[in-house]
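Before any comments, here is the structure.
The values are calculated or read from the model by the stated rules, or taken from the named source; none is laboratory data. Nothing here was measured: the structure is a model prediction, and the numbers come from that model. Here the Cβ positions follow ideal geometry from the backbone for every residue, glycine too, while neighbour counts run over all protein chains shown. Protein only, heavy atoms only, side chains kept; ligands, DNA and RNA dropped before computing areas. Shrake-Rupley method; radii C 1.70, N 1.55, O 1.52, S 1.80 Å.
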Amino acid sequence: MAQGARGAQRVFVVGVGMTKFEKPGRRTNEDGSPWDYPDMAREAGAKALADAGVEYTEIEQAYVGYVYGESTSGQRAVYELGLSGIPIVNVNNNCSTGSTALYLAAQAIRGGLADCALALGFEKMQPGSLGAMYDDREQPMANHMQALAEISEVLFPPAPWMFGAAGREHMEQFGTTADHFAKIGFKNHKHSVHNPYSQFRDEYTMQEIKQSRTIYDPLTKLQCSPTSDGSGAAILASEDFIAEHGLADQAVEIVGQAMTTDFRSTYDGTAKNIIGYDMNVQAARSVYEQAGLGPDDFQVIELHDCFSANELLLYEALGLCEPGEAGRLLDDEETTYGGKWVVNPSGGLISKGHPLGATGLAQCAEMTWQLRGTADARQVSDVTATLQHNIGLGGAAVVTAYQRANR
């Protein structure tokens, strides 16, 4: 076991696993009982351990993410894998919960406090739009919503209003069209056809995307992520651990990682910053500096397309293009197979699904498979570096860069 801080250590993903993402309540166990979060966690965690080729007893710390659940649900979930007395930390950071668990597990490795750590995320959700769990206390995003209400037409539920308003703002400022947002829905649904873990695997025409039910103009139903049940997991390890266990050929290194929370700029009077644009910019810049890589060095990107408007804004926030040029990337098909990047080959949140606590770890799994060359029909050619982005309003943005350990 690692003892005390030893200076900055390299961090590697050595095993990943996830469940298929499902419509809430649809899946049952073989005995007919409801598919509950311990079942989800057991499946994803066992897959990650098997992928890494390590025993649960070698895990020294665990960080477990979920948004909707009782306190210490993380322990209940991890106990499905074993009971060894290790520290288990419960994590809740809205939609970036899974990647926050990953960030914390990576910190444990990087700081020399552990040689092998588990990041696990799950969510068991209710059907329909997300709502507040409590009505007798201040809502975490009250200030964000009040700031947006001062510059935008208010329409509930909050999430599509907030991201839709940012999309409208981009249209007004740069001449972006409803077709640009629809192209993102079209692309991500098309990508998900090849993902056996995806909640939806149907391909739609542009007409079907645009004519599906309007949620908050210009966003239609097929441009919005659904509620989902599911789990994801990753095993992280130090350089010494992968050498001792002979894991270099399958290991993927985290070469840059940053988390940001809200800046004063969040409340500068723009819808895009209220939904985290500046957080995304600052996190990405930090990761590029750490990794010594820039946007052009990545071939695959998994980013937080909770709504098509957010994916479009992220092209600019992550530096794939200058502000106002995201529409051009879509018109030129630069973010799909055959383009400069393949963005959300998994189908993204829009089609793969969005069980809040699992999303960031499912993204990590896709990055790992792409770098290993084991993503089957989704595989992008000649992948040398991948980028992951995950955000939760209220707020936290996590950006992570990966490369093969044996590069």
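Some notes on this structure:
- Which listed residue, of A377, A358, A401, is touching an Asp or Glu at 6+ places or on another chain (Cβ under 6 Å) and aliphatic (A, V, I, L, M): A358
- Within segment 217-229, at least one residue is closer than 28 Å to G373 by Cα, in a strand (DSSP E or B) and under 20 Å from the mean Cα position of the chain (by Cα).
- Residue satisfying all of: in segment 132-189; surrounded by 15 or more Cβ atoms within 10 Å (Cβ to Cβ) and either without any contact (Cβ under 8 Å) to a residue 40 or more places away in the chain or hydroxyl-bearing (S, T, Y) (or both); nearest to Y337 (Cα to Cα) among these: F186
- Strands (runs of 3 or more DSSP E) within segment 3-109 that include 3 or more residues modelled with pLDDT under 95, within 22 Å of the chain's Cα centre (by Cα) and surrounded by 24 or more Cβ atoms within 10 Å (Cβ to Cβ): none
- Some residue of segment 292-302 being modelled with pLDDT of 95 or more, part of a helix (DSSP H, G or I), touching a Gly at 6+ places or on another chain (Cβ under 7 Å) and over 18 Å from G164 (Cα atoms): yes
- Where a residue in segment 255-269 is part of a helix (DSSP H, G or I) and its partner, wherever it lies, is among the polar types (S, T, N, Q), with Cβ under 9 Å and at least six apart: S265/N273; T266/N143; T266/N273; Y267/N143; Y267/N273
- Residues in segment 200-223 that are touching a helix residue (DSSP H, G or I) at 6+ places or on another chain (Cβ under 6 Å) and open to solvent by less than 40 Å² (accessible area, probe 1.4 Å): I209, S212, Y216, P218, L219, L222, Q223.
- Of T336, T374, all but one fail to be modelled with pLDDT of 95 or more, more than 20 Å from F200 (Cα to Cα), assigned to a loop (DSSP other than H, G, I, E, B) and open to solvent by 10 Å² or more (accessible area, probe 1.4 Å); the exception is T374.
- Residue selected from segment 125-144 under the condition among the hydrophobic types (A, V, I, L, M, F, W, C) and in a loop (DSSP other than H, G, I, E, B), by the criterion nearest to T266 (Cα to Cα): M141
- Count of segment 381-395 residues which are over 12 Å from the mean Cα position of the chain (by Cα) and open to solvent by less than 20 Å² (accessible area, probe 1.4 Å): 4
- Only a single criterion out of (1) aliphatic (A, V, I, L, M); (2) under 30 Å from I215 (Cα atoms); (3) open to solvent by less than 60 Å² (accessible area, probe 1.4 Å) is not satisfied by A117, namely (2).
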